[in-house]
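A.B. asks: Okay, handing you the structure first.
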Amino acid sequence: MGESTPILHVDMDAFFVSVEVVRRPELRGLPVVVGGEGERSVVAAASYEARVYGIHSAMPSTRARRLCPDLVFLRGDHRHYGEVSRRVMAIFRRYTPLVEPLSLDEAFLDVSGAGRVYGPPEQVAAAIRRDVLDEEGLGCSVGIAPNKFLAKLASGRAKPTVGSGAPVPGSGVLVVAVDRVRDFLDPLPVQAIWGVGPRTLERLQRLGVQTVAELRAVPEATLVSSFGRASGSQFWRLSRGIDDRRVEPDQSVRSIGHEETFSRDLTDPDEVRRELVRMVDAVGRRLREAGVAGRTVTLKVRFPDFTTITRSHTLPDATDLVVDVLEVATDLIGAVDTSLGIRLLGVSMSGLRDGSIRQLSFEDLADPGWREAEHAVELIRGRFGVGSIGPARTVGADGLQPRERGDAQWGPDE
């Protein structure tokens, strides 16, 4: 690896599906997806056996079913995935404290200080893969490179692939040495560069750029003129494998939210209100679980024609109280014309800070009851389950239907 800092990017292989197969080993070797089965649902993750049929994440579930009539659909269990993820991240931290999770199933690791104890980066990567497989029954792929950008690209090329009719195992570990960066990057399609989406690709192709090597040949001034200072300079740097970002282990959660796509468009104001209360209740619960409070409430609405809008309001002080968030969310949706129906509704909190630090206000002195009431609700839920108590507004024919993290994340089943 030379004198540069060795960075590992560890990416779990088909994480959601693989976790489910560990719990249900009878599904091993079958085409399996996690996602919703309804008309409005999408695939969240697909096993490599399912990918043989051309199925991939974000594909409409109805199309996936047409491609593979024997496809096994699993609804998913986000809470369980979170628990497994925490155990996997703990394995990473055995080898270095410098772990920067990107999501539940991937992380960057700076292993520059691990050499004396665990050996070179390749040996650390092999040990991590062994531990994750032995302890969790899961596979992962590791890219090793001088920086984050190259390490992430390398892990993707170490993964299993889909051959003619069957999955093909990957190398598991791929190293991009300092003196081999150009050899690694040049043949790749230009889409491998971060920030190159469909529209940018069209513009690059008009410049005659198809590969990273061709992008590297374009002068920086031309890229800046075509794409702006920030994007143009980034394309120029990344095409040369330049990425100066460090692994940041103390990344904090930036927002907490919940959104759902409904099985039918909501047009009844009472229904909309009920779903809004459910979502705010779920967000408030997750805020307290994470020990944070937020200032900015954001409402997201998608209409039947897929037009999507967001509306936000920032409070003077951070809060984790459902009653505070609901008041703002209600005002926000009251200013939106929902007469044509709502396909998707979401609520999120951002501007997060430590929830234990709270400024006492005159309102607290005048009426401190809401905080104590919500604390009592959480104690009851902790003992008897999330469905044991909740807002009266959310009670329907099937009783309380509290929302958990990940519920309807990939669309409704009906």
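A.B. asks: Report the paramagnetic label zone for SER350: residues of the range 286-305 whose backbone N is under 16 Å from a point 7 Å from Cα along the Cα-to-Cβ axis.
C.D. replies: Correct set: 293-301.
A.B. asks: Once you sort the root eigenvalues of the Cα gyration tensor of the range 186-238 as a ≥ b ≥ c, which label holds: rounded (a/c under 1.5), prolate (a/b larger than b/c) or oblate (the other case)?
C.D. replies: Rounded, since a/c falls under 1.5.
A.B. asks: At 0.36 nm per residue, minus the direct Cα-Cα distance, what do ARG295 and VAL117 gain on full extension? Give it in nm, one decimal, please.
C.D. replies: Numbers: separation 178, 0.36 × 178 = 64.08 nm, distance 4.43 nm.
Contour length minus the Cα-Cα distance gives 59.7 nm.
A.B. asks: With a ≥ b ≥ c taken as the square roots of the eigenvalues of the C-alpha gyration tensor of the range 118-192, please select rounded if a/c is under 1.5 and otherwise prolate if a/b is larger than b/c or oblate if it is not? Spell out each step's value before the answer.
C.D. replies: Values: a/c = 2.57, a/b = 1.17, b/c = 2.20.
Oblate is the answer for the range 118-192, as a/c is 1.5 or above yet b/c matches or exceeds a/b.
A.B. asks: Taking 7 Å along the Cα-to-C-beta vector as the label spot, tell me the ARG157-ARG93 distance in nanometres, rounded to one decimal.
C.D. replies: Here the answer is 3.3 nm between the modelled labels.
A.B. asks: Going by average Cβ neighbours within 10 Å, how do the peptides 192-200, 298-306 rank, with the highest at the top?
C.D. replies: Values: 192-200: 14.4, 298-306: 16.7.
Highest mean packing first, the order is 298-306, 192-200.
A.B. asks: Hey, got the dipole for the range 216-340? About the Cα centre, +1 on K and R Cβ, -1 on D and E Cβ, debye to the nearest 20? Could the numbers behind the result be given before it?
C.D. replies: On the way: 18 positive and 21 negative charges, 152 e Å.
For this selection, approximately 720 debye.
A.B. asks: Go through the range 139-152 residue by residue and turn each phi into a ³J(HN,Hα) via Karplus (6.51, -1.76, 1.60, θ = phi - 60°); whole Hz please, and just put x for glycine and proline.
C.D. replies: For the range 139-152, the Karplus curve yields x, 9, 10, 10, x, 10, 7, x, 8, 4, 4, 5, 5, 5 Hz.
A.B. asks: So, one more: Take the alpha carbon gyration tensor of the range 1-107, find the square roots of its eigenvalues, order them as a ≥ b ≥ c, and report rounded if a/c is under 1.5; if not, report prolate when a/b exceeds b/c, else oblate.
C.D. replies: Numbers: a/c = 2.47, a/b = 2.04, b/c = 1.21.
Since a/c reaches 1.5 and a/b is larger than b/c, the shape of the range 1-107 is classed as prolate.
We did not get these values from a lab; they are worked out from the coordinates using the rules stated. Keep in mind that this is a model prediction, so the values were computed, not measured. Virtual Cβ from ideal backbone geometry, glycine too; neighbours counted across all protein chains shown.
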